[in-house]
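The values are calculated or read from the model by the stated rules, or taken from the named source; none is laboratory data. Here the structure is a predicted model, which means the values were calculated and not measured. Cβ coordinates were reconstructed from backbone atoms using ideal geometry, including for glycine residues, and neighbour counts include every protein chain displayed.
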Amino acid sequence: MTDIISHSAFAEVAALLVLASGIGFVGLMLRQPLIVSFIAVGLLAGPSGLDLVRSDEQIDLLSELGIALLLFLVGIKLDVKLIRSLGPVSLLTGLGQVAFTSVFGYLIGLALGLGHVTSLYVAVALTFSSTIIIVKLLSDKREIDALHGQIALGFLIVQDLVVVLAMIVLSAVGIGAEAEGAGGVVMVLLSGVALVALVILFVRYVATPLTEKLAQASELLVIFAIAQAALFAAIGDLVGLGKEVGGLLAGVSLASTPFRETIAARLAPLRDFLLLFFFIALGATLDLSLLGSHVTAAAVFSAFVLIGNPLIVLAIMGALGYRKRTGFLAGLTVAQISEFSLIFIAMGVALGHVPPEALGLVTLVGLVTIAASTYMITYSNRLYALFEPVLGVFERTGTPREAEDGGAPAFASYDVLIFGLGRFGTAVGVRLRDKGVRVLGIDFNPVAVRRCRQLAIDTEYGDATDPEFIASLPLAHARWIVSTVPVHPSGLSHADARNTLIQLTRAGGYRGRIAVTSHSRSDTDELHDAGADVVLEPFQDAADRAADILTGGERPKRTDIPEIASEEPLDA
């Protein structure tokens, strides 16, 4: 088999893809993100493993295109407005975490004997968290719109900006100095200013009308986006800024167009495919026999990232007035390093600033922290319950920031409490309110809370799985608790919020009736067994009512919910 591969680049790529599929499947069973599987493929396919990588030039070409495309997609989603909308918490938390990790990471590196330059490189690399992994995990848990999810997105954008600045400085100082000393640095900086000016002109006069024309053929729009990424990456490399910065500026050049989400969605699978070859090229440069010498340092740095990063986020958010639960959940999202960490160190190795051993060290840290943080984020609520007794030091009395978000209730008691203010929950709340029922709506999404307030429904910001929050609610006089919280996409019904809500409210002394939503017969039976008095099946109920109307039944007068133009629709 090895002899066949050595004579055919096509057979080599085919073997690598088969290997990636197999390891990716194992990673899927272990609930690990693709990045972990890709790194494992690179290590296994390298010279210390199966030694499958022979077509170095072709693999390197695909690797460089993958990096350019990755940074292109970062640039096209670089939405600085989100930071402004979230206020100081994103800036302070993002910059605070970067500063904390950089300073203490540098000191740890020196203590481990890495040297000043290597310690600085490793420390900066440890500040980057993986936006791809965090967004995927939070989306899977339906927490991307929760307060801690929005804050996490905000400081991830701050980290992305730091990545951009770090790579620009590294490219300018490293490549420019390598070429012509101080004069070379100045030329690289001037070239960077010229390229930025070109991007500004392109955005102002060309980007939107051009993409509107190209969008008439969606395939052509995608090809143009890839060409834009490759062209700017080539220009960036030519003027000394590097392919990475060029690819990022290509994304920024299209970030203001109305088609940026379409472009990003179409290119995401191609990005994942090409990034595989980056990790394969990375693995081909690593000697597994030498990685054992980095185990101690990797363990220390991994513990630092897994524990230190969440703690600094928790401390900053606590000082800003957020509850310990919000700070804890947001802090867990930065308990790993990202693919950018490896790219950053690889640039340092290519420039001769750090030895190849540093790349092996950071790769080990990446494997440990990404794998561990995946489980930490997935089981964040259980971890919070475990550590909650010792987290009180991170919470200010009264939590003024979240009290402002939630608002004070208008009544001392309510007839109905509705958990989950998506389309269905909001519609139920409006109809009950119109019938004179006193309703309190509860959601973990600040946008949903604001919207329902505009619809004159009393609302509270809170989590249906938080025992402290449930205990603070006016349950004594409520006749109904209604949960329209979405089903967890994992399908593990024992772990979803509906069962937890039933258990917490009953444990808190609630004696009224409980109604929950279900979208499957098996869930319906299980929820009845868990203690639900009524299980609502929105799709089945709507189908029954539609059948009645179509067969001559009288249709009741409809209560429309006013549209709020300033907000995007929420999923149920």
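Restricting the search to segment 99-136, which residues are among the polar types (S, T, N, Q) and under 15 Å from PHE301 (Cβ atoms)? If you could, list the steps in order and put the result at the bottom.
From segment 99-136, those among the polar types (S, T, N, Q) are 101-102, 118-119, 127, 129-131; that's our starting set.
Passing the criteria: THR101, SER102, THR118, SER119, THR127, SER129.
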Which condition breaks for ALA234 when tested against (1) surrounded by fewer than 24 Cβ atoms within 10 Å (Cβ to Cβ); (2) in a loop (DSSP other than H, G, I, E, B)?
(2)
For the condition without any contact (Cβ under 8 Å) to a residue 60 or more places away in the chain and in the same structural domain as THR257 (by TED's automatic domain parsing), what is the one hit in ASP51, ASP60?
ASP51
Looking at ALA515, ALA542, can you tell me which residue is part of a strand (DSSP E or B), closer than 16 Å to GLY425 by Cα, of a type outside the set (Ser, Thr, Tyr) and at pLDDT 75 or above?
ALA515
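Looking at segment 282-298, is at least one residue part of a helix (DSSP H, G or I) and under 22 Å from the mean Cα position of the chain (by Cα)? Break it down stepwise before answering.
At the first step, the residues of segment 282-298 found to be part of a helix (DSSP H, G or I) are 282-284, 288-298.
In the following step, the residues that additionally are under 22 Å from the mean Cα position of the chain (by Cα) were identified as none.
No, segment 282-298 contains no residue that is part of a helix (DSSP H, G or I) and under 22 Å from the mean Cα position of the chain (by Cα).
Looking at segment 426-446, which of its residues are of a type in the set (Lys, Arg), over 20 Å from ALA476 (Cα atoms) and in a loop (DSSP other than H, G, I, E, B)? Explain how you work it out, then say what you get.
Kept after step one, since they are of a type in the set (Lys, Arg), are these residues of segment 426-446: 431, 433, 435, 438.
Cutting the leftovers down to over 20 Å from ALA476 (Cα atoms) gives us 431, 435.
Residue satisfying the conditions is LYS435 alone.
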Kindly indicate whether any position in segment 188-195 is modelled with pLDDT of 80 or more and more than 30 Å from THR93 (Cα to Cα).
yes
Residues (assigned to a helix (DSSP H, G or I), at pLDDT 75 or above and more than 8 Å from the chain's Cα centre (by Cα)) located in segment 129-148:
LEU147, HIS148
When segment 348-370 is checked residue by residue, the ones that are assigned to a helix (DSSP H, G or I) and over 15 Å from LEU126 (Cα atoms) are VAL349, ALA350, PRO356, GLU357
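Before we move on, is VAL252 in a helix (DSSP H, G or I), modelled with pLDDT of 80 or more, of a type in the set (A, V, I, L, M, F, W, C) and assigned by TED's automatic domain parsing to the domain that holds ILE343?
Details: in a helix (DSSP H, G or I): yes; modelled with pLDDT of 80 or more: yes; of a type in the set (A, V, I, L, M, F, W, C): yes; assigned by TED's automatic domain parsing to the domain that holds ILE343: yes.
So VAL252 fits the description; yes.
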